[in-house]
Amino acid sequence: MKPRIGITRCARIDDYVESVARAGGDPVILEPTDDPARALTRIDGLLLTGGADVEPARYGETPHPCTEIDAQRDAFEVPIARSAMERDIPLLAICRGVQVLNVAAGGTLVQDIPSSLSSGVNHDITQPKDAPAHDVRVARGTRLAQTLGLDGDGVCPVNSRHHQAVGRVAASFIVAASSEDGVIEAIERPGARFCLGVQWHPENFWRTGRFATLFDAFVEAAARDAKPRD
């Protein structure tokens, strides 16, 4: 039985759906108008997707002039992410998703990298979407390193299109990867069945399979306790 993977609705959802399907999951699109508690009962794993910025008030800050929020998505995704963590439901978070995950767990965000950090790294390269933009260093011994098959402090080239990032890491998480300018590129929750977020877009590589092991590990974790079908 394929595990049902709930994928939060976003503007560019096709690559997420394809990546989950190729990993053996049954993609279920979750709408921002859904009830978070009810939606969580329908799925075996949760995939938080990319999109607009998280409302800064949710982590105790006023908005930066560059901030563009999606309040409807926040109202659905922050509660469902928090509930998924409480119930230890496998969770993979991508780009905006890792920011939602960190905020839901009590962390903060860097609202605008260009105006907040002195960096020679370009974090916002939109085309082509699967072109490597910069390297990230994946921390030794992390779930991410294991999933990507990296030994030691492995270096991994990634694509990149974001102006925000994880700021103060939530207490239950650790940093799993960073870029050379210190921007946090991945976080994970030790001890969870699977709870990992990355700032880049691995879903864009389904044609080459470059990050297929990340989706494979996520879907495999969701499959272990998949709910019976109605």
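Details
- Some residue of the stretch 209-226 being modelled with pLDDT under 95, over 15 Å from the mean Cα position of the chain (by Cα), surrounded by fewer than 21 Cβ atoms within 10 Å (Cβ to Cβ) and not basic (Lys, Arg): yes
- Taking the criterion of being within 23 Å of Ala104 (Cβ to Cβ) and of a type outside the set (Val, Ile, Thr), the residues of the stretch 127-159 that qualify are Ala139, Arg143, Leu144.
- Residue list for the stretch 105-124, restricted to those being surrounded by 15 or more Cβ atoms within 10 Å (Cβ to Cβ) and closer than 22 Å to Ile13 by Cα: His123
- Of the criteria (1) of a type in the set (A, V, I, L, M, F, W, C); (2) within 12 Å of Asp53 (Cα to Cα); (3) in contact with a Leu (Cβ under 8 Å, 6 or more places away or on another chain); (4) in contact (Cβ under 8 Å) with a residue 60 or more places away in the chain, which one Val100 fails: (4)
- Filter result for Val17 (closer than 27 Å to Phe205 by Cα and within 14 Å of the chain's Cα centre (by Cα)): no
- Criterion violated by Met1 - all others in (1) surrounded by fewer than 16 Cβ atoms within 10 Å (Cβ to Cβ); (2) under 14 Å from the mean Cα position of the chain (by Cα); (3) aliphatic (A, V, I, L, M) satisfied: (2)
- Qualifying residue in the stretch 70-86 (condition: among the basic types (Lys, Arg) and part of a loop (DSSP other than H, G, I, E, B)): no
- Of all residues in the stretch 70-95, those being touching a residue at least 60 places away in the same chain (Cβ under 8 Å) and under 10 Å from Gly197 (Cβ atoms) number 5.
- Boolean, Glu55 is over 16 Å from the mean Cα position of the chain (by Cα) and either surrounded by fewer than 15 Cβ atoms within 10 Å (Cβ to Cβ) or farther than 14 Å from Leu101 by Cα (or both): no
- Of all residues making up the stretch 191-201, the number that are more than 14 Å from Thr147 (Cα to Cα) and either surrounded by fewer than 21 Cβ atoms within 10 Å (Cβ to Cβ) or free of Cβ contacts under 8 Å to residues at least 12 places away in the same chain (or both): 2
- One residue alone among Gly45, Gly50, Gly106 is touching a Cys at 6+ places or on another chain (Cβ under 6 Å), within 22 Å of Val198 (Cβ to Cβ) and either modelled with pLDDT of 95 or more or hydrophobic (A, V, I, L, M, F, W, C) (or both), and that residue is Gly50.
The values are calculated or read from the model by the stated rules, or taken from the named source; none is laboratory data. As the structure is a prediction and not an experimental result, all values here were calculated from the model. Quick reminder, even Gly has a Cβ in these numbers, built from the backbone with ideal geometry, and neighbours come from all protein chains shown.
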